[in-house]
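Encoded as structure tokens, the structure appears first; notes follow it.
The values are calculated or read from the model by the stated rules, or taken from the named source; none is laboratory data. It should be emphasised that the depicted structure is a prediction, and the values quoted were computed from it without experimental measurement. Here the Cβ positions follow ideal geometry from the backbone for every residue, glycine too, while neighbour counts run over all protein chains shown. Side chains included, ligands, DNA and RNA excluded: accessible areas come from the protein's heavy atoms. Shrake-Rupley method; radii C 1.70, N 1.55, O 1.52, S 1.80 Å.
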Amino acid sequence: MSSAGSVFSFRSFRSRLIVFLLGLLIPVLGGIFYYVNSNNTEYTEETINTYLELGADVFDYTREQQAFTLQAITNSLTWDFGFRTAYAAQDPATLFDAALNVMDRSLDSAEMLLIVDLEGRVIIDTETQGMEILSGSWQQLLFDADESEEGRSEMIIAINGLPFQVIALPLYLPRQVAWIIGGFALDQEFVDTVKETTLSDVSIVKLERGGDSSAQDLQVIVSTLATEDQSALAAQIQFDDSTISDLQRIRAPSQDYTSLLRRLYGQKSDPLQVFAVIQRSYDENSENVVQFRSLLIQFYLLVLVVSLLAVLFLARSITTPITKLAAVVKKIEEGDYDRSVTVQSADEIGELADSVNSMARGLAEKEKVRDLLGKVVSHQIAEQLLNNPVELGGEERVATILFSDIRGFTTFCEGLPPKEVLQALNKVLSTISDIVEAHQGVVDKYNGDAVMALFGVPIKGETDTDNAMLALLDIVAALEKMDSGLSACVGITTGVVVAGNLGSSNRMNYSVIGDTVNLAARLEGLTRLYGVSNIVSEASKDDAPGFAYRELDIVCVAGKSQSVRIFELLGEPAQLSDEKKEEVALFAEALRQYREQNWNEAAEMFSQLQTKCDNAQLCQLFLDRIEKFRETSPGPDWQGDYVFDSK
């Protein structure tokens, strides 16, 4: 990615697709899994609750059925003639034997019988509890029976620590003379019977509270649970008001149980309370949920794997051609336009590949044009033409114009075949062009053996005029080193030009025009007259003050109405010898005397310079003018300028 500082950055498109897929699938599959698992868990808990409620109902139904049988047996005893006769005779032994005989014939539906008189005094007790008169729950049992319309009452009472379902019926002779109380134990046999019917475990527990309500003793009386699971039940079951009616989870050593409480005896404030605990295996009932959850996880993993494989395949089908495209584009960026990419697809990637190939062909053609144009014009002008709208017109720019010509080239060409002349000319022009471009100049055009160069257009620099001066010195020095005997004539000036595309709408050329261009050409032409290798204008001299100059004259060239000062570029100040500096100073003084029309002093100085300087032609030029001006005075307003009537 282009933004390296981004929180999420990827090194490949494949990684991005994979992360996107995982970011999409994991929350979706996780949400579905959570929803399905929650619903299955809720359904399992509802199923367990239903089983427990059903087990509790079966527990109550079994107890009620056995109580009904007990009632029938006890009721038959009240109408037994022998039993009634024995009671009338007040024969306890006979009554006790009769009670045992009834219990034997009840098939365990009656496991205890108790006969009390109307005052609650115990006459016989098959459990031999040692009671003489009933109290507590027994007394409440008789009170409820006496108050009921049916004349009967039933209750669960703990006898010797074991809960008994008891029922009280009146004994008539023919009026009521006593109460017969029968009962059966809610023992191990009873809970086993309930478990066979409901497939739920049943436990009967006894809770004894001390004086401090926080101190309690819980004991499992009977249970279908294993011994270690009974200990877990006693340790974990809660009897708070907020939990006694709720389902409770018991974590036993063998497995987890969901438990439902049924109060059998006592109230929450009583010191002794008995509860039935109906329990269902949570693990067995949740086995299907666990299996379904495992299958769901396996399915989700399969979906993830298949999705990852699909994404990898998709990413590969995308990244492979894109990688090829990236490699080709990189080669194109490096300038290798002959590369192309082949993508076997008709989608957007195929269109992109076609576009890249078309771009490569276009860039190759443009590079060929650039290369060809760079051979016809300078590199800077070629860039200007290629990167800007090609239309006629221009703009005013300040530029330094250099005109260079080859002195003695006509003589050099005499007697040479045209091919050798062309080779020699190309060699000189190549040398001049290389020097110009080395100093950030632009070769504008070639005209025979002449070269026109631009500094400051089309690209403006900070030291354009200095670069032109350095190019001048190098051109002069380069031609002097050649063994052809040729030398350079260079004219330079700086000023405003019009730069742009010149010509017609069908054929145009980037160039510059204006008085500055014309002046540079005239100055180059004056070099032969003054016997110097170069002439630069005052504007160029002022724009490049870091060089040493010699003022030559004030001239008004052909086609111009204003005079300009012209100078000869001598080089860098540090390179001038003392003799040269003395010569330049003497020439400047002679030129001053000349302009002040002190002809004798000026002539003497020019004559002195002519004998010892390397440019006798320059001194002779001024000596000739002095002779002319002695005959015809230029007038008192003359400032020393010289007017040229021809180019």
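Quick check on segment 140-159. Is at least one of its residues within 23 Å of Gln279 (Cβ to Cβ), assigned to a strand (DSSP E or B) and of a type in the set (D, E, K, R)?
no
Is at least one residue of segment 543-565 in a helix (DSSP H, G or I) and not aliphatic (A, V, I, L, M)?
There is at least one residue in segment 543-565 that is in a helix (DSSP H, G or I) and not aliphatic (A, V, I, L, M).
Go through Gln562, Gln593 for me and flag whichever is of a type in the set (S, T, N, Q), touching a Phe, Trp or Tyr at 6+ places or on another chain (Cβ under 9 Å) and either at pLDDT 95 or above or surrounded by fewer than 22 Cβ atoms within 10 Å (Cβ to Cβ) (or both).
Criteria check complete, one pass: Gln593.
Output the number of residues of segment 546-576 satisfying the condition of being in contact with a Leu (Cβ under 9 Å, 6 or more places away or on another chain) and more than 14 Å from Asp645 (Cβ to Cβ).
17
Which one of Thr611, Thr632 is more than 60 Å from the chain's Cα centre (by Cα), more than 26 Å from Ala477 (Cα to Cα) and among the polar types (S, T, N, Q)?
Thr632
Which pairs turn up if I take residues in segment 246-257 that are over 16 Å from Glu45 (Cα atoms) and look for partners that are open to solvent by 70 Å² or more (accessible area, probe 1.4 Å) with beta carbon separation below 6 Å, at least 6 apart in sequence or on another chain?
Pro253/Glu228
Return the total of residues in segment 118-128 being touching a residue at least 12 places away in the same chain (Cβ under 8 Å) and either surrounded by fewer than 14 Cβ atoms within 10 Å (Cβ to Cβ) or among the basic types (Lys, Arg) (or both).
So the count comes out to 3.
Yes or no, residue by residue, for (1) open to solvent by 60 Å² or more (accessible area, probe 1.4 Å); (2) farther than 30 Å from Ile32 by Cβ; (3) part of a loop (DSSP other than H, G, I, E, B):
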| site | (1), (2), (3) |
| --- | --- |
| Gln279 | no, yes, no |
| Glu284 | yes, no, no |
| Phe292 | yes, no, no |
| Leu295 | yes, no, no |
| Val311 | no, no, no |
| Lys324 | yes, yes, no |
| Tyr337 | no, yes, yes |
| Leu352 | yes, yes, no |
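Going by the structure shown, is Val390 open to solvent by less than 40 Å² (accessible area, probe 1.4 Å), at pLDDT below 70 and of a type outside the set (Gly, Ala, Ser)?
No.
Would you be able to say whether some residue in segment 633-641 is within 23 Å of Val564 (Cβ to Cβ) and in a strand (DSSP E or B)?
Among the residues of segment 633-641, at least one is within 23 Å of Val564 (Cβ to Cβ) and in a strand (DSSP E or B), which makes the answer yes.
Can you list residue pairs whose Cβ atoms sit under 9 Å apart, with the first residue in segment 626-647 being free of Cβ contacts under 8 Å to residues at least 60 places away in the same chain and not assigned by TED's automatic domain parsing to the domain that holds Ala520 and the second being of a type in the set (Gly, Ala, Ser) and surrounded by 10 or more Cβ atoms within 10 Å (Cβ to Cβ)? Count only pairs 6 or more apart in sequence or on different chains.
Partner pairs satisfying both residue conditions: Ile626/Ala602; Ile626/Ala603; Glu627/Ala603; Arg630/Ala603; Pro634/Gly640.
Please work out if Ala86 is among the small types (Gly, Ala, Ser), touching a helix residue (DSSP H, G or I) at 6+ places or on another chain (Cβ under 9 Å), free of Cβ contacts under 8 Å to residues at least 40 places away in the same chain and open to solvent by less than 30 Å² (accessible area, probe 1.4 Å).
It is true that Ala86 is among the small types (Gly, Ala, Ser), touching a helix residue (DSSP H, G or I) at 6+ places or on another chain (Cβ under 9 Å), free of Cβ contacts under 8 Å to residues at least 40 places away in the same chain and open to solvent by less than 30 Å² (accessible area, probe 1.4 Å).
Can you tell me which of Ser540, Ser487 is in contact with a Leu (Cβ under 6 Å, 6 or more places away or on another chain), touching a residue at least 60 places away in the same chain (Cβ under 8 Å) and assigned by TED's automatic domain parsing to the domain that holds Ser561?
Answer to the check: Ser487.
Go through (1) at pLDDT 80 or above; (2) closer than 30 Å to Gln65 by Cβ; (3) open to solvent by less than 30 Å² (accessible area, probe 1.4 Å) for Ala232 and report which single condition fails.
Status for Ala232: all satisfied but (2).
Give the number of residues within segment 129-157 that are among the β-branched types (Val, Ile, Thr) and either at positive phi or without any contact (Cβ under 8 Å) to a residue 60 or more places away in the chain (or both).
Counting residues in segment 129-157 that are among the β-branched types (Val, Ile, Thr) and either at positive phi or without any contact (Cβ under 8 Å) to a residue 60 or more places away in the chain (or both) gives 1.
Kindly check whether there is at least one residue in segment 544-554 that is farther than 22 Å from Val451 by Cβ, modelled with pLDDT of 90 or more and within 60 Å of the chain's Cα centre (by Cα).
For segment 544-554, residues farther than 22 Å from Val451 by Cβ, modelled with pLDDT of 90 or more and within 60 Å of the chain's Cα centre (by Cα): present.
Could you tell me how many of the residues in segment 43-69 are of a type outside the set (D, E, K, R), open to solvent by 80 Å² or more (accessible area, probe 1.4 Å) and either farther than 20 Å from Arg152 by Cβ or outside any helix (DSSP H, G or I) (or both)?
4
Does segment 484-491 include one or more residues that are open to solvent by 50 Å² or more (accessible area, probe 1.4 Å), small (Gly, Ala, Ser) and more than 27 Å from Pro545 (Cα to Cα)?
Taking every residue of segment 484-491 in turn, at least one turns out to be open to solvent by 50 Å² or more (accessible area, probe 1.4 Å), small (Gly, Ala, Ser) and more than 27 Å from Pro545 (Cα to Cα).
Restricting the search to segment 104-117, which residues are at pLDDT below 75 and surrounded by 12 or more Cβ atoms within 10 Å (Cβ to Cβ)?
Ser106, Asp108, Ser109 - these are the residues of segment 104-117 that are at pLDDT below 75 and surrounded by 12 or more Cβ atoms within 10 Å (Cβ to Cβ).
From the set of residues in segment 163-209 that are without any contact (Cβ under 8 Å) to a residue 60 or more places away in the chain and in a strand (DSSP E or B), which is surrounded by the most Cβ atoms within 10 Å (Cβ to Cβ)?
Here the answer is Ala168.
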